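The values are calculated or read from the model by the stated rules, or taken from the named source; none is laboratory data. Just so it is clear, the model here is predicted, and its values are computed rather than measured. Glycine gets a Cβ as well: all are built from the backbone with ideal geometry, and neighbour counts include every protein chain shown. We work out accessible area using only protein heavy atoms, side chains counted, and drop any ligands, DNA or RNA first. Shrake-Rupley method; radii C 1.70, N 1.55, O 1.52, S 1.80 Å.
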Amino acid sequence: MAGAGSAVRGRFAVVGGGIAGVTCAEKLAAEFPSEDIFLITASPVIKAVTNFKQVSKTLEEFDVEEQPSFLLQKRYPNIRVIQSGVKQMKSDEHKIYTEDGKEYIYEKLCLCAGAKPKLIVEENPYVLGIRDTDSAQAFQKNLAQAERIMVVGNGGIALELVYEVQGCEVIWAIKDKAIGNPFFDEGAAEFLLPKLTAESQETPIECKRTKYTLEGSKEKGRPTEASDKLGSALGPDWHEGLHLKGTKEFSHKVHIEILCEVKTIHLQQEFIQLQRTSVTFPKGEKNAEADEVLWPVYVELTNGKIYGCNFIVSATGVVPNVEPFLDGNNFAVGEDGGLKVDKHMHTSLTDVYAAGDICTAAWEPSPVWHQMRLWTQARQMGWYAAKCMAADALGESIDTDFSFELFAHITKFFNYKVVVLGKYNAQGLGSDYELILRCTKGHEYVKAVMQNGRMMGAVLIGETDLEETFENLILNQMDLSAYGEDLLNPDIDIEDYFD
């Protein structure tokens, strides 16, 4: 360790070169142009927000670009990028020790070290975790020789992956009843599914508006072990520019196994010794037959089926990357493993803030906002954390940021524009709600989540142009009971009513 007196002092330090950390450092650098802002990151590249566009009050769109850190220093000469991992943090001494043997003394610190993929098993060469651009590239290399893969997981990345892969059989194992569960209900999943098998364009069929109530509650999946592989999370367009094509000549061949998880993974030798049978890729309604092909790896699912494949993609979410910071520091940690932060992004330790995937929002949220580990929230939290650090440093007070009033996210799935607002899956509403739907097959899917006549959330798939209207209806909590199902009647222009 470096001797005493060799520590470098700075007023503000930020750990992590992802969206939250870079946004936080940039905002601090702009607020305090004469102060050095330390950005400590293990990676040679940082993630920058480009092409930022405010779509509505709460919806924003942007691209994420990997850039060499000198570009950041060019934009903000007072940001000092320190390329090294964090070895240890001593919060009582306001010190950070980096892997390269240096120490930094801060007045205020923001931890933005992100999250890492939860892998179904560790240390298995046939299991690839995907959550960042590096792993997407490794995936592409493997896919070029693959005839069949298994995808495990049901979030945004699994969804996009399955859609993008062509010329390769895909067995998709999900623990829910319907695809894309974190984003969609079964109706939206049904709307998207034809895209997985579609070779040709279908003609739009108008389907009527209907109301739904719900059935049985879902169980929480148990989190699996995390891996040490770090890297910044993928953005909504991560697969663009990647050549995702396997060896076969067809385009999509996807078989979905629902309500199951991976029980065990057998390598080829073990599988032969077990003398059990694996099944072929299911064709149509008849039962799958025994598979004659020898595969490098075999997956046994909790529903009893065994499939052989070239490799397995683990796209089962992330766990906050808190390891380097816990030792010797008394952080309050949330149930999801993140560092708890209050409504000013303060952790439980003096002068230590956190933002992005590493943190857990522990304040009483607005009834239509919830935390989700997404790029948009990482950007908002990083920006707001910097505002809070600045206000605290200058002894000023600050209001909670508007972006935490309403959950709002815009993305693309299967080439459709997808907007999710508020409690779009009726999160936390119990069984006391109803859904109003409007859907035109192959064209659009609109869902409003209603409670006591007020709109609490919405899912908009396709070019619906309803996002601003719905955003306003959710924010102002107007009583809409009088409209009933006419709320989504395409012949009634709701925008005229609610301006």
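Things to note:
- Contour excess over end-to-end distance, with Cα ends at ASN303 and GLU289 and 0.36 nm allotted per residue: 3.4 nm
- Spacing of the two label points (7 Å from each Cα toward its C-beta) at THR400 and LYS141, in nm: 4.6 nm
- Extension gain, SER348 back to LYS263 (0.36 nm per residue minus Cα-Cα distance, nm): 26.8 nm
- Share antiparallel - DSSP beta bridges, the stretch 250-391, percent rounded to 5: 80 percent
- For the stretch 415-497, the calculated P(r) over all alpha carbon pairs, in 10 Å bins from 0 to the bin holding the longest distance, is 18, 57, 24, 1 percent.
- Seen through its C-alpha gyration tensor, with square-root eigenvalues sorted a ≥ b ≥ c, the stretch 1-131 comes out oblate because a/c lies at 1.5 or above while a/b is not bigger than b/c.
- LYS57/GLU107 FRET efficiency (R0 35 Å; Cβ-Cβ; nearest 0.05): 0.55
- Rounded percent of accessible protein surface that carbon and sulfur make up, the stretch 395-499, 1.4 Å probe: 40 percent
- Rg then Dmax, both in Å and based on the Cα atoms of the stretch 405-456: 12.1, 34.
- Computed FRET value (nearest 0.05) for THR440 with LYS87, which takes r as the C-beta separation and R₀ as 41 Å: 0.15
- Spacing of the two label points (7 Å from each Cα toward its C-beta) at ASP336 and ARG75, in nm: 2.6 nm
- Modelled this way, with points 7 Å down the Cα-to-C-beta line, the labels at ASP493 and SER366 are 2.8 nm from one another.
- Checking the Cα-Cα distances for LYS141/LYS305; LYS417/LYS447; LYS177/LYS441; LYS27/LYS74; LYS175/LYS253 against a 18 Å cut-off, the pairs over it are LYS141/LYS305; LYS177/LYS441; LYS175/LYS253.
- Full extension of the chain segment joining MET478 with ASN452 gains 8.3 nm, where the gain is 0.36 nm per residue of separation less the Cα-Cα distance.
- Cα gyration tensor shape of the stretch 57-159, rounded if a/c is under 1.5, else prolate or oblate by comparing a/b with b/c: prolate
- Taking the average, over residues, of other Cβ atoms within 10 Å as the packing measure, peptides 438-447, 484-493, 461-470 rank 438-447, 461-470, 484-493 from highest down.
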